[in-house]
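What follows is a set of notes on a single structure, which appears directly below.
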Amino acid sequence: MKVADEPRTLAPPRRRTAHVTAVERLGAYHLVRALDSGGPQDPQPGQFYMLSTDERWGGGADERPYLPRAFSHARAREGELSFLFEVVGPGTARLAELRAGEGLALVGPLGLGWRPPREGTRPVLVGGGIGTAPLLCWQDELGPEATLLLGFRSAAHAEAASLFVGRPEVATDDGSAGRQALVTDLLREQLDADPVATVFACGPPVMLEAVRLLCAEFAVPAQLALESGMACGFGACFGCVVPTKEGYIRLCVDGPVLDGERLESALLGGAGH
Amino acid sequence: MKVADEPRTLAPPRRRTAHVTAVERLGAYHLVRALDSGGPQDPQPGQFYMLSTDERWGGGADERPYLPRAFSHARAREGELSFLFEVVGPGTARLAELRAGEGLALVGPLGLGWRPPREGTRPVLVGGGIGTAPLLCWQDELGPEATLLLGFRSAAHAEAASLFVGRPEVATDDGSAGRQALVTDLLREQLDADPVATVFACGPPVMLEAVRLLCAEFAVPAQLALESGMACGFGACFGCVVPTKEGYIRLCVDGPVLDGERLESALLGGAGH
Amino acid sequence: MTELCGIPLAGPVLNGSGTFDAIAARHAFGDAVLERFPFHAFVSKTITLAAREGNPPPRLWETPAGLINSIGLPNKGLEGFLGLDLPELAELPVPLIVSVMGFSLDELATLVRRTGERDEVALIELNVSCPNVETGLVMGADPAETARAVERVRPLTDRPLIVKLTPNANDPAAVARAAEQAGADAVSLINTLKGMALAPRTARPWLGGTTGGVSGPAVRAIALEQVRSVTTVVAIPVIGMGGIATGGHAADFLSAGATCVAVGTENFRDPAAGLRIAAELGEPAAV
Amino acid sequence: MTELCGIPLAGPVLNGSGTFDAIAARHAFGDAVLERFPFHAFVSKTITLAAREGNPPPRLWETPAGLINSIGLPNKGLEGFLGLDLPELAELPVPLIVSVMGFSLDELATLVRRTGERDEVALIELNVSCPNVETGLVMGADPAETARAVERVRPLTDRPLIVKLTPNANDPAAVARAAEQAGADAVSLINTLKGMALAPRTARPWLGGTTGGVSGPAVRAIALEQVRSVTTVVAIPVIGMGGIATGGHAADFLSAGATCVAVGTENFRDPAAGLRIAAELGEPAAV
Ligand SMILES: Cc1cc2nc3c(=O)[nH]c(=O)nc-3n(C[C@H](O)[C@H](O)[C@H](O)COP(=O)(O)OP(=O)(O)OC[C@H]3O[C@@H](n4cnc5c(N)ncnc54)[C@H](O)[C@@H]3O)c2cc1C
Ligand SMILES: Cc1cc2nc3c(=O)[nH]c(=O)nc-3n(C[C@H](O)[C@H](O)[C@H](O)COP(=O)(O)OP(=O)(O)OC[C@H]3O[C@@H](n4cnc5c(N)ncnc54)[C@H](O)[C@@H]3O)c2cc1C
Ligand SMILES: Cc1cc2nc3c(=O)[nH]c(=O)nc-3n(C[C@H](O)[C@H](O)[C@H](O)COP(=O)(O)O)c2cc1C
Ligand SMILES: Cc1cc2nc3c(=O)[nH]c(=O)nc-3n(C[C@H](O)[C@H](O)[C@H](O)COP(=O)(O)O)c2cc1C
Ligand code: FES
Ligand code: FES
């Protein structure tokens, strides 16, 4: 069933336990590392995992979380997965409390990741906030020549830039790190200078929509990693649909990375946050 | 409203937080100590508290516990309450995980505790298993002349005997500590030797029923601390009723200590465990 | 300031019938509970014409984020209530709502007439929905049956009548509309959802009453939907309840069109839940 | 070994309709999912006569120990299903149950007749209960309506017919009995309970479809009560579901008289939930 050139590594069809090796704070974010001996060693950049914890998943504020939560792996090296996340609700709060030695329950890798840049174009990676996470392993794979543009709210968030190889261009909303600009300002400069590019972007809906419009303007292919509320992650619930020109598609099996051309808009409501 | 000679200290009408100072293992049991600065310093022996935790109450196996759980205070000294308990389900499992510094949410003291021994009789305290808990503070108040008979499953459980002042007589089911006997065997010996006594008993239903029958046989007054499933602890839910000769009574407001004479039987089903 | 059927209340937070016993609370907490009473109006536990012992224990079972109860309406009966409880409840610093249940229309009529004669009683709630007691048909599940009950008792009192709806129904909104047309002054919902549990080892029903009613956070989303469907079709005030544990939850029910909210199972976890919820709503305490 | 309406199954664990997409699962997990298939029979997502896009997102809201979904029955329609999905589903190593919903009796008749002609289809489930789609009256809430539907389609196929009951009803047992008398070979329950949620900041309905259906552990006690009330009055097999997450929960439903159990929302937390539950019941895997 696996389509040979689909950027999809198959997941084992069960929830398994990975063993947390480290939990670090990284400015405004958290980084959890876990040894996933039961899963494939080659998840594709842009794929994701459904995460929960072996113990005390549930019982937070309002007795949640109940369902697992979707997270792109930031890196996968020698069986160790790392996840970069921001605490926005009960699930991420619980993940932030994990300690080395505890169990991280997961299903994955899931979904369709990034596809290679169009022949003869240079890759430009554009990340906004926590949307930088799935760009990490993609940069690892594309190599350091890929242009990296990152936007953050503030210096605390911009600490995530230190995870990348080389020196990404950084913009912050308040100028507390890098330039005071929007990451889409940086992208326009790049495309103005050299429009022979393929753009890979992940970030909040407004940013993705600006990227989509900009790429359309420059007739540059854009791959956008979107987000939507997911219950299962493997096509079972039909809960994660996003509107495209072809109608609703399930983001968990047909995404999360979509060609910008497939969308009327990347401004999705009711997504993660 | 407080009836002057009722062994009832009033509780503040709200859930408050006590601060855990220590959690110790004591053989098969756990002992939690917490500083309750917001509550009365003089809870009556035999009263109880409804306990939960500030964090992570809920989300255990099957998303429970949801409701608070009833526990007799084992001791109350200078604002520090201690609770002795056995892990039997999700609530006690969570309490056992508490660490010093965490918050113990509580309502109490609640219910009617032990009443003084009948004029001219000597007090005989009979505890079975975790039922020894509410006898600790009662011995403190009655003084070391009170006879103390304790029955346990095994030596690991019998470690609770070390909390008492003096040398309680101990029986275990397997003879691994004290005598191999039932605690009711010890009680019969005591009453045979000197039947001018008031008996105070707490333990599993079968033990309480044996104590009740024995006391009736010797025409000795018996005060029995019973147990039943409680949702609220302050008379709101009518869930904790036990059958008496006068009909059902709410154990949380009219008990948990009842005169043996009021009961047809102490063999209650569906109690705690 | 809230007004419920012409009765001014200091705020919109009530208790659910059967989830707070103000008399027992005075035993446990003393007069402190009156000095900062947790509700803006007090709803009594449902009373019946004859005294009842209630269901055999066990009566409680904890569920994921909820509770099943099979209490079975223990109460002193109408005369016991009027003689023993009402004088004590009259000392509460808030308006009193008496909840009544009749096993026939005649019984209901007697209950409404006699409680409505008493000055201490501000409003009467008709519990036509309790799933714990074997009444054969549940009156409140059927619009016509409910209308018949309200029409029968409406002329017997000048007290405002609240009809407490059952959630175990095809269409609670239709029942609410029927109650309104028959002369009800308000509706309250939801009562508990029918549920049961088996004992862990024996696989026999755990509850002495075999089945019971589910309440608590587990039912909140169901309650909110029913409240909204009812507020959409009636003009009379709606008292919303079901799993409310925070001011945020209460605000959701008010946003859905409820005039008042009631706190039930959350009282068991915190006797001051009503005060906390009122504060989180930005409402004053009752006293 | 279990037998459901004459069809032998390797065990009693099914999936709830709409909670496992075997075709999508093969995309995510490859053929490994067929090699140890998690259910002893597979129930398709409900199909309708015409293709449907389903409700606008957001479609999901997490509740205490549960989930509200407002999916709105997206599907390729009868022809799309027969042409595209059925050949793939025929490759599953277990018997196939096709779930169908008609917005009229004519539609239902066409769906039953056409699916019943196909050898790949072992049983047909009539979803008369989905609360997500605006059908006006919910067929499955009313015994007479349900009987009429079953009587209409009964002669059109020799496949066993399962009627999936709605829990949003006065008396699910009466509906089950009506279905049995009209010729149904089995009943399944519960479907989801109507529920809703408001968006945290706007206080407007969160779900694109305004209301949705509640499932998961939060509804288990309600489901168990309804299953027991149904098994008490019908002789045909009952498929019990609602919040089943462990073998212990499944055992409760079997103790309550169910012949089979179905796993729904728990599949979302663990795609191998069916296997785990079968193992905990002491049942063999499907393959
Ligand atoms: C493919 C994919 C990859 C992702 N990768 C990452 C990543 O690498 N790092 C990262 O930090 N995040 C990532 N996310 C987002 C992450 O999954 C969500 O932020 C997650 O839901 C957070 O869970 P929570 O429990 O902390 O917050 P939630 O409670 O789930 O709150 C998050 C948002 O959900 C909504 N919400 C609030 N209450 C409810 C409720 N009761 N039910 C349903 N929705 C509610 C609100 O809009 C809220 O802002 C990814 C999402 C997807 C789909
Ligand atoms: C006045 C009083 C004083 C007490 N003092 C003490 C004390 O000092 N020390 C101590 O250790 N214990 C004490 N108990 C007992 C204690 O309250 C119970 O054991 C408590 O319920 C344990 O909670 P749990 O969550 O660990 O176990 P639970 O899950 O509550 O299980 C305990 C028992 O409850 C039943 N049960 C199982 N599942 C459920 C369910 N879903 N819903 C309802 N019931 C269920 C079963 O019979 C089970 O054996 C006291 C009880 C009372 C009433
Ligand atoms: C233990 C208990 C007893 C109840 N007794 C009554 C009652 O006597 N009359 C009544 O109308 N409702 C009764 N109810 C229902 C509550 O008033 C309320 O409608 C229901 O519990 C839903 O609210 P909650 O989820 O906030 O508890 C009772 C509920 C519980 C939990
Ligand atoms: C996302 C989702 C989609 C569902 N779709 C259908 C459906 O198409 N047809 C149907 O009969 N039931 C559908 N159901 C109901 C389930 O089959 C099941 O009856 C219900 O969820 C209760 O079981 P659970 O608590 O184990 O999930 C759906 C449930 C969920 C959660
Ligand atoms: S998350 Fe369930 S179908 Fe996509
Ligand atoms: S525990 Fe609620 S009345 Fe006793």
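Derivation of every value follows stated rules applied to the coordinates shown; laboratory data play no part. All values derive from a computational prediction rather than experimental measurement. Positions of Cβ are backbone-derived with ideal geometry, glycine not excepted, and every protein chain shown enters the neighbour counts.
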For residue B:249 and residue C:118, FRET efficiency with R0 = 30 Å and r from the beta-carbon atoms, rounded to 0.05? 0.65
Need one number: % antiparallel among DSSP beta bridges in the protein assembly as shown, to the nearest 5. 55 percent
When DSSP beta bridges are limited to those with both residues in chain B, what percentage is antiparallel, rounded to the nearest 5? 60 percent
Assuming a strict under-14 Å limit between Cα atoms, what lysine pair count do you get for the protein assembly as shown once near-sequence pairs (fewer than 8 apart, same chain) are dropped? 4
P(r) histogram, all alpha-carbon pairs of the protein assembly as shown included - 20 Å bins from 0, percent: 12, 38, 35, 14, 1, 0
Under 5 Å, built H, 5+ apart or other chain: amide partners of residue B:177: B:155, B:172
For chain D, with a Gaussian network of springs between Cα atoms less than 10 Å apart, report the residue from D:239, D:222, D:47 with the top mean-square fluctuation. D:222
When ranked by the protection proxy of mean other Cβ atoms within 10 Å per residue, highest first, what sequence do the peptides B:64-73, D:181-190 form? B:64-73, D:181-190
Picking from C:195, C:30, C:264, which is most flexible by a Gaussian network model of chain C using Cα springs under 10 Å? C:30
With +1 assigned to the C-beta of every Lys and Arg and -1 to the C-beta of every Asp and Glu, and no other charges, what is the dipole magnitude of the protein assembly as shown about the Cα centre in debye, to the nearest 20? 280 debye
With the dipole of chain A worked out from charges on the C-beta (+1 for Lys and Arg, -1 for Asp and Glu) around the Cα centre, which of A:111, A:235, A:146 lies farthest toward the positive end? A:235
Taking N as the number of residues in chain C, what is its Cα Rg relative to 2.2 N^0.38 Å? 0.92
Summing +1 per Lys or Arg and -1 per Asp or Glu among the other residues with Cβ less than 12 Å from residue C:157's Cβ gives +3
Need the C-alpha centroid separation for the range B:218-273 versus the range C:161-234, integer Å. 31 Å
Pairwise FRET efficiency - residue C:255 versus residue A:159, Cβ, R0 = 35 Å, nearest 0.05: 0.35
Note on the range D:1-123, DSSP bridge orientation, antiparallel percent to nearest 5 equals 60 percent
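Counting partner chain Cβ atoms within 10 Å of every residue's Cβ in C:25-38, what's the average? Present the calculation step by step, with values, prior to reporting the outcome.
Values: counts 8, 6, 15, 17, 10, 8, 4, 5, 7, 2, 1, 2, 1, 2.
Whole-number average of other-chain Cβ neighbours for C:25-38 is 6.
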Whole-Hz Karplus ³J(HN,Hα) for the range B:29-44, in order, using 6.51 cos²θ - 1.76 cosθ + 1.60 and θ = phi - 60°, x for Gly and Pro? 10, 10, 10, 10, 10, 8, 8, 10, 6, x, x, x, 7, 10, x, 7
Starting from the Cα coordinates of the range A:122-262, work out the convex hull volume and express it per residue in Å³. 106 Å³
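As a test of understanding, state the convex hull volume per residue of chain A from its alpha carbons, in Å³.
125 Å³
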Need one value for D:220-232: mean number of C-beta atoms belonging to other chains within 10 Å of its residues' C-beta atoms. 6
Pull up all non-local amide H partners of residue C:241: gap of 5 or more, or a different chain, and H-to-H distance under 5 Å with H placed in the peptide plane. C:189, C:190, C:262
Give the long-range amide H neighbours of residue B:244: residues separated by 5 or more places, or on another chain, with amide H under 5 Å away, using H modelled in the peptide plane at 1.01 Å from N. B:249
Along Cα→Cβ at 7 Å, what distances in nm separate the residue C:255 label point from those on the other copies, shortest first? 4.1
May I ask you to evaluate 6.51 cos²θ - 1.76 cosθ + 1.60, the Karplus curve with θ = phi - 60°, for each residue of the range D:212-224 and list the ³J(HN,Hα) values in order in whole Hz, giving x for glycine and proline? x, x, 8, 9, x, x, 4, 9, 4, 5, 5, 4, 4
I want the local charge near residue A:260. Using Cβ-Cβ distances under 12 Å, sum +1 for each Lys or Arg and -1 for each Asp or Glu among the other residues. -2
Could you work out how far apart the two model spin labels at residue B:122 and residue B:6 are, taking each label as a point 7 Å from the Cα in the direction of the beta carbon, and quote it in nm? 3.4 nm
Just checking the output field for A:9-19: average partner chain Cβ neighbours within 10 Å of each residue's Cβ? 5
Where does the range B:1-141 land on Rg(C-alpha)/(2.2 N^0.38 Å)? 1.06
Could you work out the local net charge near residue B:185, counting Lys and Arg as +1, Asp and Glu as -1, over the other residues with Cβ closer than 13 Å to its Cβ? -2
Toward the positive end of the charge dipole of the protein assembly as shown, about the Cα centre and with charges on Cβ (Lys, Arg +1; Asp, Glu -1), which of C:215, A:18, D:29 goes farthest? C:215
Kindly provide the GluC sites (Glu not before Pro) of the range B:113-166 that DSSP labels as loop, not H, G, I, E or B, and whose Cβ sees at most 16 other Cβ atoms within 10 Å. B:119, B:145
Cβ neighbours within 10 Å, averaged per peptide: list A:216-227, D:65-76 in order, most packed at the top. D:65-76, A:216-227
Per-copy distances of the residue D:83 label point, shortest first, in nm (7 angstrom along Cα→Cβ): 8.0
Vicinal HN-Hα couplings computed from phi for the range A:15-25 (Karplus, 6.51 cos²θ - 1.76 cosθ + 1.60; Hz; Gly/Pro x): 6, 10, 10, 9, 9, 5, 9, 7, 10, 10, 8
